[in-house]
Structures are given as C-alpha cells and as structure tokens.
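One structure is given here, and the rest of the page talks about it.
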C-alpha cells in the first residue's frame with residue numbers, strides 16, 4: 001500500500017496509525033459551526049506524522065511526493081473552519097513539535113511554525129516587547145497555524161490584519177516535490193501563504209513584528225442599548241489619543257449568555273469589551289461616561305473577576321463561549337466599511353435584528369477602521385442562516401462564510417494568477433490538504449453548504 005511505503009520511507013520521523021490518536025489529530029474547533037459539524041463528520045486521516053526539525057519536514061514531503069500520500073498540515077487544531085480535518089485521508093502533518101523561538105531582536109521575533117503564540121509572547125515580553133496582535137486562541141495556537149489560517153485578532157484595532165503591510169515579516173516554506181526546497185518569503189510575499197490552510201507549501205518558520213510592551217487594563221462596559229454600545233466601540237477605534245487593543249460590542253442578551261460576565265451585566269443592557277493601556281484609562285472613563293455607560297468589571301490583563309482574560313470572549317471565542325449557554329446559535333461574518341462606521345452598523349442592525357442579538361468586532365483593514373460580525377442566529381437549517389446572509393448582502397455588505405472549510409468557500413484570501421502559479425510550483429501533485437485549494441477551482445471539494453456568501457475580498461477566477 002502507498003501509506004505503508006510512505007511510512008517506511010520516513011526513517012526516524014515520529015509516526016503513528018493508532019486509531020484513537022489519529023482520530024483526535026483529525027479534529028479541530030469546527031464544532032462551533034453546526035453546518036461544518038454535519039459536513040465534516042467522520043472524516044479522518046490514516047496516519048499522523050510529527051516531524052521535529054525542518055530536515056524531518058523535508059523528509060516527510062519527499063516521501064509523500066514519492067508515494068502520492070496526501071498531507072494535511074496542522075498546528076494544535078484550534079481552527080474554526082475545519083481546515084485541519086482531512087478531506088481525503090492520507091497523513092496528518094502535525095507540526096506542533098517543530099517549535100522554539102529562534103531569535104528576538106529589536107522589533108521582531110522569529111520562531112519555528114509549531115511554536116505556541118503564548119511562548120512567543122513570553123519571549124517578547126522578556127525583551128520589553130509584545131506581538132502587535134494575536135488570536136483569542138493564543139494559549140493553544142501555534143504561530144504557523146495563525147499565519148496560514150487566521151486573519152487578525154486582539155490588537156488588530158491598531159495594526160490591522162495579517163495581510164496588511166508589515167504584519168508578517170517573513171516565512172519559510174517547504175515544497176512537496178521529488179527533492180523538496182525551502183523558499184524564503186519576505187514582507188508582502190508572505191501574503192501568498194497567509195490564510196491558505198496549508199495548501200501552498202509547508203510553513204516551517206515565521207518572523208513577526210513586535211511592538212513595545214504595554215500595561216493593559218480590561219474593561220467590561222454596560223450600556224443602556226445596542227446603539228450606544230456600537231457608538232462607543234467605534235469611538236474607541238477612532239480616538240487617536242487612546243491607546244487600545246480591543247473593542248467589541250455585543251447586544252443584550254449576549255452579556256447574559258457569556259456566563260462569567262452575567263453577574264456583572266445589568267438586565268437588558270448591551271456590553272462593550274475593551275482593552276485599554278493603563279495610562280489611557282482616565283480618557284477612557286470620560287468616553288464611557290459620555291456614552292452613558294459604566295465600567296462594571298475589569299482589571300489588569302488576566303486578573304479581572306470574571307476568571308479569564310477578556311480577549312477569550314472576543315472574535316471566534318465569543319461564539320464558543322456563548323454556545324455553552326445557547327448551543328443552538330450560530331453566525332456569519334459581514335464586513336462593515338463606511339465613512340460613518342457606527343451609522344452603517346446600526347442601519348444593518350435595524351434590518352436584521354429580528355434574527356437575533358448582534359455582535360461586532362472593531363478592527364483595521366488596509367488602514368481603514370472597519371467592523372465585522374452579524375447577529376447570532378438560532379440555527380434550524382441552512383435557510384435560517386442564509387436569510388441573514390441575503391439581508392446583509394442586499395444592504396451592500398460583503399459576507400464571508402465561517403461555515404465553509406476551503407479557501408475559496410470562506411472568502412478571506414485573494415486568489416489570482418500568482419496564487420495559482422505558486423500552488424503549481426510548490427505542490428505539483430496537489431497533495432497538500434487536497435480539496436481545500438486546487439489550482440483548478442472546479443476541483444475544490446464543495447463544503448460550504450451553499451450559503452450565498454461572496455467573501456470579503458475581490459477574487460479573480462481560478
């Protein structure tokens with residue numbers, strides 16, 4: 001069998017076909033989506049290989065090429081879109097042991113792809129620095145998984161998202177060829193592997209920019225209604241004199257659904273969660289008072305009374321936490337952009353609020369202050385979710401699909417001739433995470449449940 005020959009060719013590289021471990025490594029956090037839970041149910045790899053060095057990664061790539069075995073790269077499996085679930089068997093390429101910080105310098109940190117982001121933060125902090133932004137899965141996620149599967153996160157309200165200029169300094173990529181090569185991508189060249197779900201080469205090293213280390217305060221703010229919450233969140237993003245790292249606005253009863261927050265949130269009130277530099281707190285208190293709100297809980301980062309860092313209630317973690325109370329809810333991802341951002345969000349809110357309470361994350365994208373989010377929809381079937389998609393698109397919004405599991409289906413990556421050419425160069429047999437991004441778009445596996453989304457980016461055919 002091809003798999004047996006592949007495993008035999010690996011030499012000292014750690015590998016296993018033990019069913020329980022293989023099944024565990026074939027899962028990720030796609031259970032957040034009821035649509036993906038149905039679509040990806042029962043899909044597993046046939047083996048797990050765990051290289052610990054770049055040399056071992058090249059050995060795995062050469063063996064896969066020689067024996068036509070599919071490889072699905074994975075970090076620690078914190079992806080929301082199911083991209084770590086193998087669509088066509090083969091081997092899981094577990095990169096979590098290819099880890100360690102390589103270098104910390106003035107304004108940058110370089111590490112192996114399997115290094116946990118929390119370990120990068122610790123190394124950066126020791127030099128008086130911090131990552132510009134990080135995912136809400138920082139404690140578990142790897143830097144390679146973030147770059148190839150993420151978009152932005154905590155800090156994106158200042159620095160934008162991964163694809164913005166300067167937010168990934170470089171990445172090293174191993175090809176899957178007869179004799180695998182290492183390719184060094186610098187600056188904006190790294191866009192080609194960002195958000196690619198491991199389909200455009202095996203990322204082995206990443207270099208990220210750093211910012212000066214700051215003392216962050218967490219703030220849980222209650223406001224009388226959702227328009228007040230949205231206006232405050234947008235004001236936080238716009239205020240140049242305020243040092244901030246996070247601002248998200250959630251409509252009642254989301255503050256009640258997030259159980260650790262519930263004791264602090266008055267009945268019927270919407271909330272804003274924020275991270276503000278300690279020195280900016282006097283200004284922030286003024287802004288909260290002007291908005292008609294009150295800071296009902298908070299404290300230094302990770303030390304607030306709700307028991308976990310406030311960023312573990314933002315972005316994808318909001319849904320994860322809210323589903324503990326309301327397992328029947330889900331969402332989609334609208335992209336809000338306008339000169340008057342708060343008015344834009346509230347216009348859409350007025351049109352779709354009957355479908356459920358709304359959540360909005362404030363971030364920068366291409367230098368512009370934008371919002372992302374939707375209402376939380378009580379899931380019955382695809383029709384209930386698609387009704388919100390249709391309403392948002394009717395109002396001119398772009399909508400990405402968190403219930404898809406391939407690159408084109410989700411719609412957050414630019415796809416054009418350069419991406420197609422790079423795919424053919426680094427993965428000529430199409431062995432990397434097959435079905436999630438093929439050179440010929442018609443060969444992608446259909447796993448988006450046919451929601452009428454169009455993505456956040458203009459994409460060329462391919």
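The values are calculated or read from the model by the stated rules, or taken from the named source; none is laboratory data. Keep in mind it's a predicted model, so treat the numbers as computed, not measured. Quick reminder, even Gly has a Cβ in these numbers, built from the backbone with ideal geometry, and neighbours come from all protein chains shown.
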- Task: Report yes if some residue within segment 308-319 is in a loop (DSSP other than H, G, I, E, B), more than 22 Å from residue 157 (Cβ to Cβ) and either touching a strand residue (DSSP E or B) at 6+ places or on another chain (Cβ under 8 Å) or free of Cβ contacts under 8 Å to residues at least 40 places away in the same chain (or both); otherwise report no.
- Result: no
- Note on the structure: Exactly one of 299, 268 is modelled with pLDDT of 95 or more and closer than 28 Å to residue 378 by Cα, and that residue is 268
- Residues (surrounded by 14 or more Cβ atoms within 10 Å (Cβ to Cβ) and over 15 Å from residue 86 (Cβ atoms)) located in segment 17-36: 29, 31, 32, 33, 34, 35
- Task: All but one of (1) closer than 24 Å to residue 140 by Cα; (2) crowded, with 16+ Cβ neighbours inside 10 Å; (3) at pLDDT 95 or above; (4) within 27 Å of the chain's Cα centre (by Cα) hold for residue 53, so report the exception by its number.
- Result: (2)
- modelled with pLDDT of 95 or more and under 20 Å from residue 104 (Cβ atoms), is that true of residue 201? no
- Hey, residue 412 hits all of (1) at pLDDT below 95; (2) out of contact with any helix residue (DSSP H, G or I) (no Cβ under 7 Å at 6 or more places or on another chain); (3) more than 23 Å from residue 164 (Cα to Cα) but one; which does it fall short on? (3)
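Yes or no, residue by residue, for (1) free of Cβ contacts under 8 Å to residues at least 24 places away in the same chain; (2) in contact with a strand residue (DSSP E or B) (Cβ under 9 Å, 6 or more places away or on another chain); (3) closer than 30 Å to residue 378 by Cα:
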residue: 3; (1), (2), (3): no, yes, no
residue: 6; (1), (2), (3): no, yes, no
residue: 33; (1), (2), (3): no, yes, yes
residue: 42; (1), (2), (3): yes, no, yes
residue: 63; (1), (2), (3): no, yes, no
residue: 71; (1), (2), (3): no, yes, no
residue: 74; (1), (2), (3): no, yes, no
residue: 86; (1), (2), (3): no, yes, yes
- Filter pass, residue 137 being surrounded by 24 or more Cβ atoms within 10 Å (Cβ to Cβ), touching a strand residue (DSSP E or B) at 6+ places or on another chain (Cβ under 7 Å) and closer than 29 Å to residue 319 by Cα: no
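So that you can scan it fast, the table gives a plain yes or no per residue for (1) surrounded by fewer than 16 Cβ atoms within 10 Å (Cβ to Cβ); (2) in a strand (DSSP E or B); (3) over 24 Å from the mean Cα position of the chain (by Cα):
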{"position": "353", "(1), (2), (3)": "yes, no, yes"}
{"position": "373", "(1), (2), (3)": "no, yes, no"}
{"position": "391", "(1), (2), (3)": "no, no, yes"}
{"position": "415", "(1), (2), (3)": "no, no, no"}
{"position": "446", "(1), (2), (3)": "yes, no, no"}
{"position": "452", "(1), (2), (3)": "yes, no, no"}
{"position": "455", "(1), (2), (3)": "no, no, no"}
- Message: Being closer than 30 Å to residue 438 by Cβ, free of Cβ contacts under 8 Å to residues at least 60 places away in the same chain, assigned by TED's automatic domain parsing to the domain that holds residue 227 and touching a helix residue (DSSP H, G or I) at 6+ places or on another chain (Cβ under 6 Å): is that true of residue 377 here?
- Response: no
- Query: Do we have any residue at all in segment 58-70 that's farther than 20 Å from residue 175 by Cβ and not assigned by TED's automatic domain parsing to the domain that holds residue 144?
  - Reply: no
- Query: Checking residue 277 against (1) more than 20 Å from residue 329 (Cβ to Cβ); (2) more than 25 Å from the chain's Cα centre (by Cα), which single condition isn't satisfied?
  - Reply: (2)
- Item | Qualifying position, being modelled with pLDDT under 95 and either in contact with a strand residue (DSSP E or B) (Cβ under 7 Å, 6 or more places away or on another chain) or not in a strand (DSSP E or B) (or both), among 228, 196 | 196
- Note on the structure: Scanning segment 196-207 residue by residue, the ones that are surrounded by fewer than 24 Cβ atoms within 10 Å (Cβ to Cβ) and closer than 14 Å to residue 413 by Cβ total 0
